[in-house]
1. Out of 201, 178, report the one residue that is at pLDDT 95 or above, loosely packed, with under 15 Cβ neighbours inside 10 Å and farther than 30 Å from residue 79 by Cβ.
2. Inspect all residues belonging to region 158-171 and state whether any of them is touching a helix residue (DSSP H, G or I) at 6+ places or on another chain (Cβ under 7 Å), over 30 Å from residue 100 (Cβ atoms) and at pLDDT below 95.
3. Which count do you get for residues in region 93-105 that are free of Cβ contacts under 8 Å to residues at least 12 places away in the same chain and either in contact with a helix residue (DSSP H, G or I) (Cβ under 8 Å, 6 or more places away or on another chain) or surrounded by fewer than 12 Cβ atoms within 10 Å (Cβ to Cβ) (or both)?
4. If you check residue 209 against the conditions, is it in the same structural domain as residue 94 (by TED's automatic domain parsing) and either over 30 Å from residue 95 (Cα atoms) or surrounded by 10 or more Cβ atoms within 10 Å (Cβ to Cβ) (or both)?
5. Mind telling me which of the residues 159, 135 ends up being surrounded by 10 or more Cβ atoms within 10 Å (Cβ to Cβ), under 28 Å from residue 68 (Cα atoms), touching a residue at least 40 places away in the same chain (Cβ under 8 Å) and out of contact with any strand residue (DSSP E or B) (no Cβ under 8 Å at 6 or more places or on another chain)?
């Protein structure tokens, strides 16, 4: 799955509204102000009906900060240097893409999840995270909405930046391949020139050798004291 497909999948994911945005019926027997009531209900098998939901794209659009499209547009404008060894860090990509600071980041959420036992059922983990966020949300302003929005915007930034780098790399590679092809033609021409020069040198050496033999006959003719020759006799 490429980045664009992954982003489309994430944008269409359905998430539950945070408990604080849902009105609970008194008939449910659970106090909505009690963050542990949901866990108790889950463990007792008397959990309330599923919470209302919306897609990630809808959630981000309704949250404070840029839309996924705005983040993608900003990320696609980040300058890239194909062929250069230095790469941008994730925080720098997010900064240039306009991803706002979050009171509790998606990375912090991952750290929190990794600290929980892997054997803990998903529903219980979600309820536990909900309790934690409810406890600290009022102090720092962190909610499931803000965390999902942070993760979604960062994913949009990465997807768009990766696509931009891929496009720039393709253009750079095509240009470099063309230059290499032109250089290869020049190399082949130089090699042919070298071969011609070497062949010419061999022919010149042979011609000069033959001509020196002919001229030497003149010297031998007038210099009989050098010994027998075809002209002495």
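1. After applying the criteria, what remains is 201.
2. Among the residues of region 158-171, not one is touching a helix residue (DSSP H, G or I) at 6+ places or on another chain (Cβ under 7 Å), over 30 Å from residue 100 (Cβ atoms) and at pLDDT below 95, which makes the answer no.
3. Total meeting the criteria: 1.
4. It is false that residue 209 is in the same structural domain as residue 94 (by TED's automatic domain parsing) and either over 30 Å from residue 95 (Cα atoms) or surrounded by 10 or more Cβ atoms within 10 Å (Cβ to Cβ) (or both).
5. 159
One line per residue, one yes/no per condition, for (1) modelled with pLDDT of 90 or more; (2) under 30 Å from residue 172 (Cβ atoms); (3) out of contact with any strand residue (DSSP E or B) (no Cβ under 8 Å at 6 or more places or on another chain); (4) surrounded by fewer than 19 Cβ atoms within 10 Å (Cβ to Cβ):
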| site | (1), (2), (3), (4) |
| --- | --- |
| 59 | no, no, no, no |
| 82 | no, yes, yes, yes |
| 113 | yes, no, yes, yes |
| 118 | no, no, yes, yes |
| 139 | no, no, yes, yes |
| 148 | yes, no, no, no |
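The values are calculated or read from the model by the stated rules, or taken from the named source; none is laboratory data. What you see is a predicted model; the values in this text were computed from it and never measured. All Cβ positions, even for glycine, are placed from backbone atoms using ideal geometry, and neighbour counts span all protein chains on display.
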